[in-house]
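Accompanying notes for the structure given below.
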Amino acid sequence: MQTPKNIGIIGGGQLGMMLLQAAAVDSPEVNYTVLEGSEDCPAQPFADQMLIGSLKNDSDLRKLASISDVLTWEIEHIGVETLVELEKEGKTIIPYPSVLKIIQDKGVQKLFYRNHGIPTAPFVLVNTKSHPPKEILNELKGSKVVVKARTGGYDGKGVQIVNKSELEAGNYPFEGEVLLEQFVEDVLELAVIVAVDQQGNTVTYPSIEMYFNPKSNLVEFLYSPAQVSEEVEKLSREIALKAVKGLESPGLFAVELFITSQGEIWVNEMAPRPHNSGHHTIEGCVTSQFAQLNRILLGKDLGSTDLLQPSAMINVVGPEDFSGTYFLSNAADWEQRNDVFIHMYGKTETRPDRKLGHITVTASSLEELLEKAENIKNAIRIKPS
Ligand code: ADP
């Protein structure tokens, strides 16, 4: 396999930025072009070249393809039909566009799990115009149901927990095709990152325990290794691997899992790209999720996924009370430390719930890690500048 000289990245957000940061160290000789709607994006300072255009537009995607030996994406909401055609024309696209076809529609994704024997929360697919008959709702246990828009949602947008009685009355939070899912009480959320190289070899990362903000639904805090039994760790990695293998594609994937209070392990969803749940791997693991994806794109063998030491990550998110230019007020104190790593994404303006950066904390024991991370989490302040 020839090493590519030019790689095209569809999307210039923070995931693209961190992929480019890894590439700057590991493959400075390769030329990386980023397609994004504007120069004002996190990836721009690290890209060899920017292509300004739409991530959904056929001619813009083709322009990027024409100057790239390999294409990848850092966001799912892109023009998949063009990518399918480009692949037929012989372009190497990692992951394969067929993966996006499954992931872009949460209904199709749930059917994929069902058809591949991968455990997932019980669900039904409905159109909001037709009231679901009571019998359908009875398939989902409990008095609450999670309604998910099948397409277009991200970071909890397009996900609402409602009472079954609301649905029986025809009151949906969204219109159109939706996925109704059983609400999992007291759920523990894990993620397992899985990498598949171009030869089909696979590795999994140690499991990650995630905590979400109940209002914004954004990951707020996570750490690895997760505090679960060896058996749950092993099964979680096996289930995540089985789900990813079913996609039959190289790439870097994050599998989000629900651990129910009965100890069942259900796949919630998969992201076919680096993911917020893997940001701690930059300092926490031998090979970060970004370096791993870069290796896959370059056709190299997979790197070790071992954890160097327990690691936590705290998202730095725009506060509710203001929008505009900002600064992270405590950064100077933390910059001196060798166990705290600040990653700000260079976004000029904050908005409520906008992901502005993240902070990784490392420690020699889990106990020390959780205490340190809690202190940092409580001290983060975004202030107007
Ligand atoms: P998104 O694709 O926007 O991230 P998810 O389907 O992952 O949406 O849902 C976002 C969050 O909502 C999950 O991480 C979890 O905290 C909560 N959630 C989603 N589905 C369920 C469920 N069936 N039971 C309990 N909580 C859920």
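Okay, residues lined up against (1) more than 12 Å from the ligand (Cβ to nearest atom); (2) under 23 Å from residue 368 (Cβ atoms):
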| site | (1), (2) |
| --- | --- |
| 231 | yes, no |
| 255 | no, no |
| 259 | no, no |
| 278 | yes, yes |
Out of the stretch 229-240, which residues are open to solvent by 40 Å² or more (accessible area, probe 1.4 Å) and of a type outside the set (Lys, Arg)?
229, 230, 231, 235, 238
Checking the conditions here, which among 82, 72 is touching a residue at least 60 places away in the same chain (Cβ under 8 Å) and buried (at least 17 other Cβ atoms within 10 Å of the Cβ)?
72
Some residue of the stretch 9-25 being part of a strand (DSSP E or B), at pLDDT 95 or above and closer than 28 Å to residue 199 by Cβ
yes
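Residue-by-condition table, conditions (1) within 13 Å of the ligand (Cβ to nearest atom); (2) in contact (Cβ under 8 Å) with a residue 24 or more places away in the chain; (3) over 30 Å from residue 59 (Cα atoms):
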| position | (1), (2), (3) |
| --- | --- |
| 98 | no, yes, no |
| 121 | yes, yes, yes |
| 134 | no, yes, yes |
| 174 | yes, yes, yes |
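Take the stretch 373-385 and flag every residue that is crowded, with 18+ Cβ neighbours inside 10 Å and assigned to a helix (DSSP H, G or I). Explain how you work it out, then say what you get.
Within the stretch 373-385, the first condition is being crowded, with 18+ Cβ neighbours inside 10 Å, and the residues that meet it are 373, 376, 380, 382.
Hits for the stretch 373-385 are 373, 376.
For (1) surrounded by 14 or more Cβ atoms within 10 Å (Cβ to Cβ); (2) within 12 Å of the ligand (Cβ to nearest atom); (3) within 24 Å of residue 231 (Cβ to Cβ); (4) of a type in the set (Val, Ile, Thr), each residue gets a yes or a no:
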{"site": "117", "(1), (2), (3), (4)": "no, no, yes, no"}
{"site": "125", "(1), (2), (3), (4)": "yes, no, no, no"}
{"site": "138", "(1), (2), (3), (4)": "no, no, no, no"}
{"site": "145", "(1), (2), (3), (4)": "yes, yes, no, yes"}
{"site": "183", "(1), (2), (3), (4)": "yes, yes, no, no"}
{"site": "186", "(1), (2), (3), (4)": "no, yes, yes, no"}
{"site": "192", "(1), (2), (3), (4)": "yes, no, yes, yes"}
{"site": "204", "(1), (2), (3), (4)": "yes, no, yes, yes"}
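Please count how many residues of the stretch 186-212 are assigned to a loop (DSSP other than H, G, I, E, B) and within 21 Å of residue 106 (Cβ to Cβ).
Taking the stretch 186-212 first, the residues assigned to a loop (DSSP other than H, G, I, E, B) are 186-187, 197-201, 205-207.
Now restrict to residues that are within 21 Å of residue 106 (Cβ to Cβ): 187.
Result for the stretch 186-212: 1.
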Based on what the data block shows, is residue 91 crowded, with 18+ Cβ neighbours inside 10 Å and touching a helix residue (DSSP H, G or I) at 6+ places or on another chain (Cβ under 6 Å)?
yes
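Sort through 154, 223 and tell me the only one that's crowded, with 19+ Cβ neighbours inside 10 Å and touching a residue at least 60 places away in the same chain (Cβ under 8 Å). Don't jump to the end; show me each part of the working.
On the way: 154 fails: crowded, with 19+ Cβ neighbours inside 10 Å.
Going through 154, 223 in turn, the sole match is 223.
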Test each condition in (1) farther than 24 Å from residue 155 by Cα; (2) in contact with a strand residue (DSSP E or B) (Cβ under 8 Å, 6 or more places away or on another chain); (3) open to solvent by 20 Å² or more (accessible area, probe 1.4 Å) for residue 305 and report the one that comes out false.
(3)
Of all residues making up the stretch 341-352, the number that are surrounded by fewer than 18 Cβ atoms within 10 Å (Cβ to Cβ) and outside any strand (DSSP E or B)
4
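Condition first: among the aliphatic types (A, V, I, L, M), in contact with a Ser or Thr (Cβ under 7 Å, 6 or more places away or on another chain) and either over 15 Å from residue 32 (Cβ atoms) or surrounded by 14 or more Cβ atoms within 10 Å (Cβ to Cβ) (or both). Now tell me which residues in the stretch 51-68 satisfy that. Break it down into steps so the answer makes sense when it comes.
If we filter the stretch 51-68 for residues that are among the aliphatic types (A, V, I, L, M), which is where we start, we get 51-52, 55, 61, 64-65, 67.
Filter once more, so that each one left must be in contact with a Ser or Thr (Cβ under 7 Å, 6 or more places away or on another chain): 51-52, 61, 64, 67.
Selection gives 51, 52, 61, 64.
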Return yes or no: is residue 253 open to solvent by less than 10 Å² (accessible area, probe 1.4 Å) and not in a helix (DSSP H, G or I)?
yes
Hits in the stretch 144-174 - residues which are modelled with pLDDT under 90, within 23 Å of residue 100 (Cβ to Cβ) and among the charged types (D, E, K, R):
155, 157
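The values are calculated or read from the model by the stated rules, or taken from the named source; none is laboratory data. Just so it is clear, the model here is predicted, and its values are computed rather than measured. Heads up, the Cβs are rebuilt from the backbone with ideal geometry, glycines too, and the neighbour counts pull from every protein chain shown. These area figures cover heavy atoms from the full protein model, side chains too; ligands, DNA and RNA do not enter into them. Shrake-Rupley method; radii C 1.70, N 1.55, O 1.52, S 1.80 Å.
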